[in-house]
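K.L.:
Attaching a single structure in C-alpha cells format; questions to follow.
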Amino acid sequence: MFETTLTELLNGKGAHADPIACIEDLSTDLASRTIDGFPHSIWQLVSHMNFWMDYELHRIAGGAQTYPDHASGSWLPNSTPPTEAAWTQAVSEFRDLIGRLIELAKSSTQSLSREIPPAHAQQSKISSTVGAILWQIMAHNSYHVGQIAMLRRAANAWPPKCGGDTWKPPDQITRQIVHHCPAQVAQASACIPTTTEPISEAHVPIGTQLSS
C-alpha cells in the first residue's frame, strides 16, 4: 500500500504536481528567470534536485559520493544554463532520475526495508532504509516543484502544457488541455474543483516583474 502511494507521489499524482510536466515545456529563457525575494531560478532548482536524486541513488547502490561541506555545494552559482543543450540535458536527467526512483519504489517490502549505512554524520540522525530515503527524496522534490510552480505563475507560464492545478474556470482549463494534451482531458476533468465558493489565487501575483 505505502509502496503504491510512494510511486504515485513520485509521479506527481494526487495532491502533487507532475514534476516532469512542470519543467519539460519550459524554454531556456524561462528556466533562467528569477524574481525579487527568491534566490533561485528553475534551472538551479532542477539541477539541485538532480544532484540529490543522483546522490541518494548512488548511496543506495553502495557507492555514495562525497557529501557537500555546505548546503551551497548542491546549488549551481549561476541562474542561467550555459547553453540550451545544458538545459535540455538537465530536463532529460531529471526525467531519467525520477524513472529510476519509481522503479526502485516498486521493489519488494523486504528490499525497501534494507538499511543503508550512513555516509555522513547528518544521515545518522534519520531513518536510512531504502524506503525512508525514497520518501525523503519525494518530499524534497515536492517542496522544490512547488517553488517551480510559483516561479511559473510569476512568469504567466502556468499551468504546464499538459495541465496542472489552477483555479481558472473549468471550461478554460479543459480548452487549454485539449489543445496541448487530449489524452489527459479525462484525468484533468476529474480533478476540477466543483465548489462555487471563490478561491484565492496564488500568493505570487501573476505578472510579477521578472529579472533576467
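K.L.:
Rank Tyr55, Gln110, Asn141 by how far each Cα sits towards the positive end of the charge dipole of the range 24-144 (+1 on Lys, Arg Cβ; -1 on Asp, Glu Cβ) and give me just the farthest.
P.N.:
About the Cα centre, the residue reaching furthest to the positive side is Gln110.
K.L.:
How would you classify the range 1-62 from its alpha-carbon gyration tensor, with a ≥ b ≥ c the square roots of the eigenvalues: rounded for a/c under 1.5, else prolate if a/b is greater than b/c, otherwise oblate? Present the calculation step by step, with values, prior to reporting the outcome.
P.N.:
On the way: a/c = 2.47, a/b = 1.48, b/c = 1.66.
Since a/c reaches 1.5 but b/c is at least a/b, the shape of the range 1-62 is classed as oblate.
K.L.:
Right, here's the next one. Once you sort the root eigenvalues of the Cα gyration tensor of the range 101-165 as a ≥ b ≥ c, which label holds: rounded (a/c under 1.5), prolate (a/b larger than b/c) or oblate (the other case)? Show your work: numbers first, answer last.
P.N.:
Values: a/c = 5.11, a/b = 2.03, b/c = 2.51.
Because a/c hits 1.5 or more and a/b fails to exceed b/c, the range 101-165 counts as oblate.
K.L.:
Another question about this same structure. Report the relative contact order of the range 1-98, percent, no decimals, based on alpha-carbon pairs under 8 angstrom and at least 6 residues apart. Spell out each step's value before the answer.
P.N.:
Values: 77 pairs, mean separation 32.9, N = 98.
Here the relative contact order equals 34 percent.
K.L.:
Now for a different question. Give the long-range amide H neighbours of Thr34: residues separated by 5 or more places, or on another chain, with amide H under 5 Å away, using H modelled in the peptide plane at 1.01 Å from N.
P.N.:
When sequence neighbours closer than 5 places are left aside, the close amide H contacts are Ser211.
K.L.:
Which whole-Hz ³J(HN,Hα) couplings does the range 55-70 yield from phi under the Karplus relation 6.51 cos²θ - 1.76 cosθ + 1.60, θ = phi - 60°, glycine and proline marked x?
P.N.:
Result, rounded to whole Hz: 4, 5, 5, 5, 4, 4, 7, x, x, 4, 7, 5, 6, x, 5, 9.
K.L.:
If you plug each phi of the range 107-112 into the Karplus form 6.51 cos²θ - 1.76 cosθ + 1.60 with θ = phi - 60°, what whole-Hz ³J(HN,Hα) values come out, in order, with x for Gly and Pro?
P.N.:
Calculated HN-Hα couplings, in order: 5, 5, 4, 5, 5, 5 Hz.
K.L.:
Now for a different question. Which residues' amide hydrogens lie under 5 Å from the amide hydrogen of Thr129, considering only partners 5 or more residues apart or on another chain, with H built in the peptide plane?
P.N.:
Ile116
Read the figures in this text as sums done on the coordinates, not as results from a lab. Being a predicted model, the structure only gives us computed values, none of them experimental. Methodologically, a virtual Cβ is constructed for each residue, glycine included, from the backbone with ideal geometry; neighbour enumeration extends over all protein chains shown.
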